[in-house]
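**Student:** Below: one structure in structure tokens.
Throughout, read-outs are computed from the coordinates displayed, never taken from laboratory work. Please read these numbers as outputs of a predicted model, since none were measured by experiment. Ideal geometry is used to build each Cβ from the backbone, glycine not excepted, and the neighbour counts take in all protein chains shown.
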Amino acid sequence: MPDEGLDWLEVDPLLDQLDEGVIGEYDLTSTPNDFNVKTIIDYVENGVFGIPTFQRNYVWDIKRASRLIESLILGLPIPQLFLYEEGKNRFLVIDGQQRLMSLHYFLLKRFPRMERRGALRRIYDEKGDIPKDVIADDSYFENFNLHLPSPLPSHQNRFNKLNYDTLSEYRTALDLRTIRCVFIKQNEPKDDDSSVYEIFNRLNTGGVNLTPQEIRTSLYHSAFYRCLYKLNIDPRWRRLLDATDPDLHLRDVELLLRAFAMLLRGDKYSPSMTRFLNRFSRDMRKAPTNELQRLSELFGRFLDATAHLGPGAFGTRGKRVNVSIFEAVFSAYCAPAYFKNEPIKELTQDRLSALKADKDFSAASTARTADSGQVETRLRRAREVLATA
């Protein structure tokens with residue numbers, strides 16, 4: 001996915017190519033079932049059909065959502081939904097999240113304003129939900145009246161400007177309209193959920209390709225991820241990124257994830273970066289509360305130690321943050337505090353400049369950054385230079 005609007009972030013353009021790997025064989029079963037719209041939305045609201053990123057990463061506009069509602073009212077076919085069986089009466093929506101959120105908003109009779117999606121995500125990250133008073137606030141949401149084009153200049157679409165309450169007899173037709181749901185269960189291997197990641201990665205029939213982190217945050221949603229969301233809205237972190245609102249495609253969350261992964265598991269890194277971050281995310285689902293609190297406090301101390309540097313301190317080429325530089329500096333600078341309980345001293349500009357100027361570090365931070373040799377060199381030189389500069 002293009003990094004539209006991400007003028008603060010610099011990434012290795014070859015990284016996605018390096019993340020391609022051999023896909024294993026899996027024993028999967030898929031079972032189709034048809035549920036009506038009303039039942040499906042009830043399942044979503046009651047958590048049977050889980051969308052961990054519900055109300056956070058909604059990207060459709062009101063015209064596209066309106067066409068979906070119109071298709072259902074008219075009985076036209078829409079793409080089926082794919083759900084992964086996580087446990088008894090617990091299914092993760094793999095494909096169809098945008099469609100389900102469109103239906104949810106239509107039944108609420110409210111639609112999130114496009115220009116406020118970033119602010120809504122900040123509210124979601126702070127509170128874990130979108131409160132009812134925010135949904136009622138016209139500065140964040142507008143009334144969801146269908147926006148449908150007229151078939152001819154002199155003939156208005158009969159559903160245009162209607163909402164869920166004013167559909168009359170068509171409301172029942174919508175409620176009872178069935179949607180095909182395909183339930184997927186992984187039988188073997190039982191302890192490897194990489195097949196679900198691949199299903200996420202390959203479906204995306206909604207027309208909005210998901211980034212690896214968008215897939216990851218749905219698949220590995222946990223207390224650790226809630227911790228990352230909280231850290232991501234820390235004002236000190238937002239100032240470092242020079243970006244007020246969280247990124248809609250979660251690249252800022254991925255930057256935090258990579259930093260912690262390199263701190264805790266960098267010595268065990270092996271390509272690809274995607275699989276490495278997936279494994280780390282899966283392992284951190286078991287992290288106890290006190291460990292998450294410790295990591296949060298550590299990150300806060302790091303932000304305090306770097307607050308004087310300002311935006312651009314971890315960037316090159318006009319960008320304010322280079323992923324490879326930031327994760328290496330964070331890992332090297334925080335390791336003594338995490339593993340040896342040493343204090344975190346203020347990071348000076350001279351130290352950081354010395355690291356950026358280091359020939360080996362620079363080479364390992366600007367090309368093929370997901371290679372195991374590059375990662376090892378980058379982390380090692382960061383430890384050595386920051387300790388001696």
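**Student:** Relative to the longest principal axis of the C-alpha atoms of the chain, give the angle of the C-alpha long axis of helix 62-74, reported between 0 and 90° and rounded to the nearest 10°.
**Tutor:** 40
**Student:** Could you calculate the FRET efficiency of R64 with D27 from 1/(1 + (r/R0)^6), where r is the beta carbon distance between them and R0 is 41 Å, rounded to 0.05?
**Tutor:** Values: r = 37 Å, r/R0 = 0.89.
Taking R0 as 41 Å, the efficiency between R64 and D27 is 0.65.
**Student:** Let me ask another. Using only DSSP helix segments of four residues or longer, with each worth -39500 (n - 2.57), what per-residue ellipticity at 222 nm results for the chain after dividing by its residue count and rounding to 500?
**Tutor:** Using -39500 (n - 2.57) per qualifying helix, the result is -14500 deg cm²/dmol.
**Student:** Something else now. Which label marks the calculated value of volume of the Cα convex hull per residue in Å³, given the options [x] 192; [y] 155; [z] 215?
**Tutor:** Structure-derived value, by its label: [y].
**Student:** In whole angstrom, note down how far apart the Cα centers of the range 338-389 and the range 232-301 are.
**Tutor:** The two parts, judged by their Cα centres, are 18 Å apart.
**Student:** May I ask which of K38/K109; K286/K356; K268/K359; K38/K230; K63/K185; K127/K286 have a Cα-Cα span longer than 26 Å here?
**Tutor:** Checking Cα-Cα distances, K286/K356; K38/K230; K63/K185 exceed 26 Å.
**Student:** Still on this structure: Nearest 20 debye, what's the magnitude of the dipole of the chain about its Cα centre given +1 on Lys and Arg Cβ and -1 on Asp and Glu Cβ?
**Tutor:** Approximately 440 debye in magnitude.
**Student:** Hey, could you pull the Cα Rg and Dmax for the range 36-103, both in Å?
**Tutor:** 12.1, 36
**Student:** How much net charge surrounds E254 when only the other residues with a Cβ under 11 Å from the Cβ of E254 are counted, with Lys and Arg +1 and Asp and Glu -1?
**Tutor:** Surrounding charge for E254 is -1.
**Student:** A follow-up question, please. Net charge near L176, counting Lys/Arg +1 and Asp/Glu -1 over other residues with Cβ under 14 Å of its Cβ?
**Tutor:** Net charge around L176: -1.
**Student:** Also, I was wondering about something else. Subtracting the Cα-Cα distance from 0.36 nm times the residue separation, let me have the gained length for A357 to R180 in nm, one decimal.
**Tutor:** Between A357 and R180, full extension yields 58.0 nm more.
**Student:** What number comes out for the charge environment of L68, summing +1 per Lys or Arg and -1 per Asp or Glu over other residues with Cβ under 12 Å away?
**Tutor:** Counting the neighbours of L68, the net charge comes to +3.
**Student:** Rounded to the nearest 0.05, what FRET efficiency is calculated for K345 and R285 with R0 set to 25 Å and r the Cβ-Cβ distance?
**Tutor:** So the FRET efficiency works out to roughly 0.15.
**Student:** May I pose another question? Report the extension gain between N46 and E188 in nm, rounded to one decimal, defined as 0.36 nm multiplied by the number of residues separating them, less their alpha carbon distance.
**Tutor:** 48.3 nm is the gain from fully extending N46 to E188.
**Student:** Suppose R0 equals 22 Å. What FRET efficiency, 1/(1 + (r/R0)^6) with r the Cβ-Cβ distance, do I78 and N143 give to the nearest 0.05?
**Tutor:** 0.40
**Student:** Would you please put 102-112, 260-270, 161-171 in order of how densely packed they are, using the mean number of other Cβ atoms within 10 angstrom per residue and starting with the highest?
**Tutor:** Highest to lowest by the protection proxy: 102-112, 260-270, 161-171.
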